[in-house]
Amino acid sequence: MSMMFFHSFIPDTCWTCGSFVAGLDVLKKVLYIQAKLKKEYKYMAKITWKAGTMLAPVPPALISCGTMEKPNVMTAAWTGIVCTEPTLVYVSLRQTRYSHKLIKENGEFVINVPTVDLAKAVDLCGVKSGKDVDKFTLAGITAEPCTKVKAPQVAESPVSLECKVKNITTFGSHDMFLGEVVAVNVDESLIDKNGALNLAKAGLLAYAHGFYYGLGKKIGKFGWSVEKKTTKKKRAARKRGDAKNG
């Protein structure tokens with residue numbers, strides 16, 4: 001707010017010699033309101049940019065394709081879940097990519113979940129082309145056979161989703177490969193005694209605007225914001241029992 005605003009807000013009579021003190025009181029009130037509004041809306045001060053791919057974080061997934069005889073792998077952050085039933089995922093690739101050609105020809109690909117230990121391999125597979133080098137060998141990662149598709153999976157990845165292409169849709173700069181998940185391969189060391197997958201132990205990797213990050217500590221689970229106190233107590237008791245027996 002400017003002094004012009006203050007002057008327009010405060011009656012002219014307040015600025016006479018006899019009302020100078022009253023004018024200061026009004027000015028103080030205006031400053032108080034300004035400070036209060038600034039405090040309340042400090043998180044809403046945004047600027048508007050042109051349209052862009054500013055969604056983050058995203059998984060810098062290793063997308064393996066080709067065959068075991070001639071395996072290839074690339075890094076793609078434009079990937080995610082489309083539907084639960086049937087289980088559908090997608091990966092969006094530029095038409096110029098070597099992997100685009102292989103996936104289009106073979107109709108298969110594998111989404112390999114990245115970890116902090118794989119960060120250097122993830123970055124390398126995103127800047128090198130499979131047309132020129134064997135990226136599996138160069139990155140020091142292992143091509144392993146899948147169960148339902150001919151494309152290889154990355155052995156060092158904790159979770160690999162085997163996918164068969166359902167359709168391809170062109171959206172300007174990228175083609176979106178819609179894939180049906182036909183099998184999921186999970187590192188057995190991440191499965192607890194109850195059969196639940198504990199991905200926190202894997203050290204998952206995230207990508208945000210050109211940089212890689214390791215995920216931080218767990219702060220809650222789905223539904224924890226409305227969880228009943230009795231449920232919380234039971235869960236805490238189970239954890240104490242597991243720790244005591246474990």
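Numbers below:
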| quantity | calculated |
| --- | --- |
| Residue within segment 87-96 that is in the same structural domain as K166 (by TED's automatic domain parsing), on the phi > 0 side of the Ramachandran plot and of a type outside the set (A, V, I, L, M, F, W, C) present | no |
| Residue identified as in a strand (DSSP E or B) and surrounded by 13 or more Cβ atoms within 10 Å (Cβ to Cβ) among V149, V165 | V165 |
| Test for L27: is it at pLDDT 75 or above and not assigned by TED's automatic domain parsing to the domain that holds H209 | no |
| Test: residue in segment 119-127 that is crowded, with 17+ Cβ neighbours inside 10 Å, part of a loop (DSSP other than H, G, I, E, B) and under 23 Å from the mean Cα position of the chain (by Cα) | no |
| Residues located in segment 91-107, provided they are more than 15 Å from S173 (Cβ to Cβ), crowded, with 22+ Cβ neighbours inside 10 Å and in contact (Cβ under 8 Å) with a residue 60 or more places away in the chain | I103 |
| Any hit, segment 131-145, residues being part of a strand (DSSP E or B), assigned by TED's automatic domain parsing to the domain that holds M74 and crowded, with 21+ Cβ neighbours inside 10 Å | yes |
| Filtered residues of segment 183-215 (kept if surrounded by 12 or more Cβ atoms within 10 Å (Cβ to Cβ), part of a strand (DSSP E or B) and out of contact with any Leu (no Cβ under 7 Å at 6 or more places or on another chain)) | A183, N185, Y207, A208, Y213 |
| Verdict on T115 being in the same structural domain as K70 (by TED's automatic domain parsing), surrounded by fewer than 16 Cβ atoms within 10 Å (Cβ to Cβ) and over 15 Å from A76 (Cβ atoms) | no |
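The values are calculated or read from the model by the stated rules, or taken from the named source; none is laboratory data. Treat the numbers as computed from the prediction; the structure is a model and nothing was measured. FYI the Cβ positions are ideal-geometry reconstructions off the backbone, even for glycines, and counts take in every protein chain you see.
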